[in-house]
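Structure first, then comments.
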Amino acid sequence: MSGYHDIGGRPAGPVGAHDPAPPDWALRAEALRNAVQRYRGALTLDELRRTFETMGENLYDGLGFYERRTEAFARLLEEKGLATMADIHARMDAIAAARGQVVDHTAKTVGPG
Amino acid sequence: MSAARFATGARVRILDLPTPGHVRTPRYLRGAQGIVERHCGAHRNPEALAYGRDGLPRIDLYRVRVSLAELWAGAAAGDVIEVEIYDHWLAPC
């Protein structure tokens, strides 16, 4: 039995040669996730993988690499009792509002307010 | 800690275990034969770590070299892929 993430060997067109640097938000998210992992021992990289491997194919395919990991991190924070998605969403809403933006938590997009 | 089951150079087959949940053996490698290129230490089992368990006892990890021709038609002769596979996913052959 294999998950939707297990795509090695399937046809997928030519491999792109571009190698963009991670955006700043992704570096901060990964640093935070690593800090929680290492200094709180609250979650493992294996749990992170398990989480994005089970978040559903639509979300997995629709989100980018760092978006998937950050979404999985947020879900694990709730699973481990360190935060709630409600609190995380409320904080996102506040940050977006300060920028004149609105978050769609279902579509996982940010748009003009 | 007991000695590793496979020596460098050992011929192994990658199994197609029905393990549910998180595993680290991709489907394109299931059933392939290869050679142990090196022992990569013993590590906590990621299949258990993925669910918050301690993953003990540690499991030997091996880098296995597989001929690409074994996996895909049209592969160039001599090309190989090396993948790190846990001991319980391997059988001697």
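Throughout, read-outs are computed from the coordinates displayed, never taken from laboratory work. All figures in this text were calculated on a predicted structure; none of them were measured in a lab. As a convention, Cβ positions derive from the backbone with ideal geometry for all residues, glycine included, and neighbour counts pool all protein chains shown.
Choose one of B:Ala76, B:Gly41, B:Gly31: the residue whose Cα lies farthest towards the positive end of the charge dipole of chain B (beta-carbon charges +1 Lys, Arg; -1 Asp, Glu; about the Cα centre).
So the residue furthest toward the plus end is B:Gly41.
So how long is each side of region B:1-53 along the principal axes, counting just the alpha-carbon atoms, biggest first, in Å?
The Cα atoms of region B:1-53 stretch 34, 30, 13 Å along their principal axes.
Which part of region B:17-59 falls in the paramagnetic zone of B:Ala75, meaning amide N under 18 Å from the point 7 Å along Cα-to-beta-carbon?
Label zone hits: B:25-38.
Hey, what did chain A get for relative contact order, percent, Cα under 8 Å, at least 6 apart? It would help to have the intermediate numbers written out before the result.
Values: 68 pairs, mean separation 19.0, N = 113.
Answer for chain A is 17 percent.
Computed on alpha carbon atoms, what radius of gyration and Dmax characterise the protein assembly as shown, expressed in Å?
So, for the protein assembly as shown, Rg and Dmax equal 20.4, 64 Å respectively.
When the Kirkwood radius is taken over all Cα pairs of region B:26-87, what Stokes-Einstein diffusion coefficient follows at 37 °C and 0.692 mPa s, in µm²/s?
Stokes-Einstein gives a translational diffusion coefficient of 254 µm²/s.
Taking Cα pairs under 8 Å and at least six residues apart, what relative contact order does region B:1-86 come out at, in percent?
Rounded, it is 25 percent for region B:1-86.
Return the single residue from A:Gly64, A:Gly81, A:Gly16 with maximal mean-square fluctuation; model: Gaussian network over chain A, springs between Cα atoms under 10 Å.
A:Gly16
Quote the charge dipole size of the protein assembly as shown about the Cα centre in Debye, to the nearest 20; the model charges only the Cβ of Lys and Arg (+1) and of Asp and Glu (-1).
Values: 26 positive and 26 negative charges, 98 e Å.
Its charge dipole is roughly 480 debye.
Could you tell me, in Å, what Rg and Dmax come out for the Cα atoms of region A:9-65?
Values for region A:9-65 (Cα only, Rg and Dmax): 14.5, 41 Å.
Taking R0 as 41 Å, what's the FRET efficiency between A:Tyr39 and A:Gln101 from their Cβ-Cβ distance, rounded to 0.05? Don't jump to the answer; show the numbers that get you there.
Values: r = 32 Å, r/R0 = 0.77.
According to the calculation, E is roughly 0.85.
Thinking of chain A as a set of Cα atoms, what percent of all their pairs are more than 25 Å apart?
Looking at chain A, the distances longer than 25 Å represent 30 percent of pairs.
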